[in-house]
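Student: Quick one: structure below, then a few questions.
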Amino acid sequence: MSDYAVRVEGLVKHYGQLVALGGIDLEVPEGTVFGLLGPNGAGKTTAVRILATILKPDGGRAEVLGHDVVREAPAVRRRIGLAGQYAAVDANLTGRENLRMVGILGQMPTPQIMPRAAELLDKFELSDAADRPLRTYSGGMRRRLDIAASLVTRPPVLFLDEPTTGLDLTSRNALWETIEQLVADGTTVMLTTQYLEEADRLAERIAVVDGGLVIANDTPTNLKSQLGSTVVEIRFEKHDGSERAASLLTGNVNGQVERDDGTLRITSNDGARILIDVLRALDANDIAPDTLAVREPSLDDVFLALTGHHAEADEEANDQPVKGRRGGKA
Amino acid sequence: MSTAQVAIERDVIDRRIPMGRLRDTSAVIKRNLLQYIRVPQLLVFSTVQPIIFVLMFRFVFGGSINTGPIPYVDYLMPGIFLQVVVFGSLATAIGLATDLKSGLMERFHALPMWTPAVLVGRTLADLLRNFFVVILMMVVGFLVGWRIHTTLLALVPGVLIVLLFGYAMSWIFATIGLAVKDPETAQAAAFPILAPLVFASASFVQVENMPGWLQPWSRNQPVSVTAETFRALTIGGPTQLLVVKAILWSALIIAIFAPIAVRLYRKAV
């Protein structure tokens, strides 16, 4: 028996001319969280949809708990839970009715379904709204119910496609705790995300996906050590300011200096110390930046470090990863 | 959870539920019928239109339409029943296209359910809805003077044949809904099919008064055949051949469109 919950070899998927997956390999050990990190259009969702037996691949193979996703799709479907990017629920049914339907269609024995639904409604703090049609739910409540629906049958393997997109901070933290609890109970989770922070917090391993290819597959610690844990970003309205600052700082501070027109990005493992050094150096030379920000590395920084280009070609350097655009591959 | 426990649960995972297909299908039927209870406007407005049709044809146009010795209202009502089931079956296209858009189909595709249950459940729910609307229209018909000349029992085969045809239409509309994948487009795409079927037929007027080139179609197309069957059953005349023709039409439509719809559904997401 395989010790891998998910095993993917040379997986290929085309949409006409567009290559969604250009041959990816992945292995996810049982009982771990695996993160697929990448921008919109990178191929994350396509990979998850193939693993969840919704799409057929054009090449390569994929197995879930030793069952081929094409030839043994029914067996795979009995072992997985899926929560997609948008809430796949019936707006006319109540929360409880939605979970009941998923329980039946998930081939759960009838006597187990209603207690399980009540348990999940309680866990996701939807008990008060359980018997209201979903049309009356807020966006966050719908997403929570969608995730609850993916857990009804207690699947040993769970696919979560950008599970926290659109959730507020409290719901996001609650979901993270739920995921950690599930994994502690033996569930394997594969999640896609655009947030390095999320992948870092939850995943034992992260595969960085870009343009349908896996460009890195490593532990979060190793990825971040290549990257630096703190990013200082300073912007100048005038280019000569950023040029002067770049030549001044390069080699003089303990970090990697990068210039992108008027923006200077200093990446370092030195924590807050780097900020003090940068400010001292600038002040001593009488250079005043127009804006200054200190932050954790974002997906865009991962991309810059790994590929030398931004996560999205037409994206301005931004503190937040980009959302809501398709096909923006760099 | 211990490894042994996990192993036991893995075994349970593949256990089949007895009558699983039936259970899947009835879950889908229930879900689709709940929609009509939760959004009753859907049903109310879809019955207002045929009631207006009945009143209009009975009291406005009826006087100018000559159906010989048969009172026009007795000619009209079978046509109305056909109209309501055909237009009612349009709900299949809109419903499936809506589910595709909402992402619900994606969830269904990843569940270990009997795949055709999504379509069988949907079409059966629309059949039940059609049954309700036909009963309602019969009541409306009786109120405006519709009478049965043969025996009341003739209504049983009559209604069954009309509902069977509506069910067959649901499979045509299921195919359209899954092909266009958008509720508004589905509605627009359905009209060119609905119009020649419902209006170029013996639903409201006699075929004899149509131009010669149109008559072969109007006389033999399924809506006309089914309406004429209902008339023969409730007004009088030979019924056997008509019943056979009506059933064959519906069976043919289902035999062609059900496999296409199931194939489209498998590839729909």
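The values are calculated or read from the model by the stated rules, or taken from the named source; none is laboratory data. Since this is a predicted model, take the numbers as computed values, not measurements. Ideal geometry is used to build each Cβ from the backbone, glycine not excepted, and the neighbour counts take in all protein chains shown.
Student: Quick check, is B:V73 in contact with a Gly (Cβ under 6 Å, 6 or more places away or on another chain) and part of a helix (DSSP H, G or I)?
Tutor: In short, yes.
Student: Could you list, in sequence order, the residues of the stretch A:49-66 that are crowded, with 19+ Cβ neighbours inside 10 Å and facing chain B (nearest Cβ under 10 Å)?
Tutor: A:R49, A:L51, A:A52, A:T53, A:I54, A:L55, A:L65, listed by residue number.
Student: Just to be sure, is B:V262 part of a helix (DSSP H, G or I) and either modelled with pLDDT of 95 or more or surrounded by 15 or more Cβ atoms within 10 Å (Cβ to Cβ) (or both)? Give the steps one after another, and end with the answer.
Tutor: Details: part of a helix (DSSP H, G or I): yes; either modelled with pLDDT of 95 or more or surrounded by 15 or more Cβ atoms within 10 Å (Cβ to Cβ) (or both): yes.
Yes: the conditions hold for B:V262.
Student: I would also like to ask the following. Only one of B:S170, B:S201 is within 26 Å of B:V262 (Cα to Cα) and among the polar types (S, T, N, Q). Can you tell me which?
Tutor: Details: B:S201 fails: within 26 Å of B:V262 (Cα to Cα).
From the options B:S170, B:S201, the qualifying one is B:S170.
Student: Continuing with this model, one more query. Has the stretch A:160-169 got at least one residue that is in contact with a helix residue (DSSP H, G or I) (Cβ under 8 Å, 6 or more places away or on another chain), surrounded by fewer than 22 Cβ atoms within 10 Å (Cβ to Cβ), within 14 Å of chain B (Cβ to nearest Cβ) and of a type in the set (D, E)?
Tutor: Checked the stretch A:160-169: no residue is in contact with a helix residue (DSSP H, G or I) (Cβ under 8 Å, 6 or more places away or on another chain), surrounded by fewer than 22 Cβ atoms within 10 Å (Cβ to Cβ), within 14 Å of chain B (Cβ to nearest Cβ) and of a type in the set (D, E).
Student: Continuing with the same structure: Quick check on B:V54: is it crowded, with 20+ Cβ neighbours inside 10 Å, part of a helix (DSSP H, G or I) and more than 11 Å from chain A (Cβ to nearest Cβ)? Give the steps one after another, and end with the answer.
Tutor: On the way: crowded, with 20+ Cβ neighbours inside 10 Å: yes; part of a helix (DSSP H, G or I): yes; more than 11 Å from chain A (Cβ to nearest Cβ): yes.
Yes; evaluated as a whole, the condition is true for this residue.
Student: Is there any pair linking a residue in the stretch B:243-256 that is free of Cβ contacts under 8 Å to residues at least 12 places away in the same chain to one that is in a helix (DSSP H, G or I) and surrounded by 15 or more Cβ atoms within 10 Å (Cβ to Cβ), with Cβ under 8 Å and at least six apart or on different chains, and which?
Tutor: Partner pairs satisfying both residue conditions: none exist.
Student: For the stretch B:72-100, name all the residues that are of a type outside the set (S, T, N, Q), more than 10 Å from chain A (Cβ to nearest Cβ) and farther than 17 Å from B:F53 by Cα. Talk me through it step by step, then tell me what you get.
Tutor: Going residue by residue through the stretch B:72-100, those that are of a type outside the set (S, T, N, Q) are B:72-82, B:84-88, B:90-91, B:93-97, B:99-100.
Okay, now just the ones that are also more than 10 Å from chain A (Cβ to nearest Cβ), so B:72-82, B:84-88, B:90-91, B:93-97, B:100.
Those that are of a type outside the set (S, T, N, Q), more than 10 Å from chain A (Cβ to nearest Cβ) and farther than 17 Å from B:F53 by Cα: B:L90, B:A91, B:A93, B:I94, B:G95, B:L96, B:A97, B:L100.
Student: Does any residue of the stretch A:193-215 turn out to be surrounded by 18 or more Cβ atoms within 10 Å (Cβ to Cβ), part of a helix (DSSP H, G or I), touching a residue at least 12 places away in the same chain (Cβ under 8 Å) and within 14 Å of chain B (Cβ to nearest Cβ)? Talk me through it step by step, then tell me what you get.
Tutor: Let us first name the residues in the stretch A:193-215 that are surrounded by 18 or more Cβ atoms within 10 Å (Cβ to Cβ), namely A:193-196, A:198-200, A:202-203, A:205-210, A:212, A:214.
Next, only the ones that are part of a helix (DSSP H, G or I) stay: A:196, A:198-200, A:202.
Next, only the ones that are touching a residue at least 12 places away in the same chain (Cβ under 8 Å) stay: A:196, A:198-200, A:202.
Applying the additional criterion that residues be within 14 Å of chain B (Cβ to nearest Cβ) yields none.
No, there is no match, as no residue in the stretch A:193-215 is surrounded by 18 or more Cβ atoms within 10 Å (Cβ to Cβ), part of a helix (DSSP H, G or I), touching a residue at least 12 places away in the same chain (Cβ under 8 Å) and within 14 Å of chain B (Cβ to nearest Cβ).
Student: Could you check B:S203 against (1) of a type in the set (S, T, N, Q); (2) assigned to a helix (DSSP H, G or I); (3) closer than 26 Å to B:F142 by Cα and say which number it fails?
Tutor: Evaluating B:S203 over (1) of a type in the set (S, T, N, Q); (2) assigned to a helix (DSSP H, G or I); (3) closer than 26 Å to B:F142 by Cα leaves (2) as the failure.
Student: Also, I was wondering about something else. Could you identify the single residue in A:A87, A:A117, A:A91 that is crowded, with 19+ Cβ neighbours inside 10 Å and either in a loop (DSSP other than H, G, I, E, B) or facing another protein chain (nearest Cβ under 9 Å) (or both)?
Tutor: Values: A:A117 fails: either in a loop (DSSP other than H, G, I, E, B) or facing another protein chain (nearest Cβ under 9 Å) (or both); A:A91 fails: crowded, with 19+ Cβ neighbours inside 10 Å.
Only one candidate qualifies: A:A87.
A quick yes/no check of all residues on (1) at pLDDT 95 or above; (2) closer than 30 Å to A:V70 by Cβ; (3) not in a helix (DSSP H, G or I):
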{"site": "B:P157", "(1), (2), (3)": "yes, no, no"}
{"site": "B:L160", "(1), (2), (3)": "yes, no, no"}
{"site": "B:F173", "(1), (2), (3)": "yes, no, no"}
{"site": "B:A195", "(1), (2), (3)": "no, no, no"}
{"site": "B:R219", "(1), (2), (3)": "no, no, no"}
{"site": "B:T226", "(1), (2), (3)": "yes, no, no"}
{"site": "B:A246", "(1), (2), (3)": "yes, no, no"}
{"site": "B:A251", "(1), (2), (3)": "yes, no, no"}
{"site": "B:V269", "(1), (2), (3)": "no, yes, yes"}
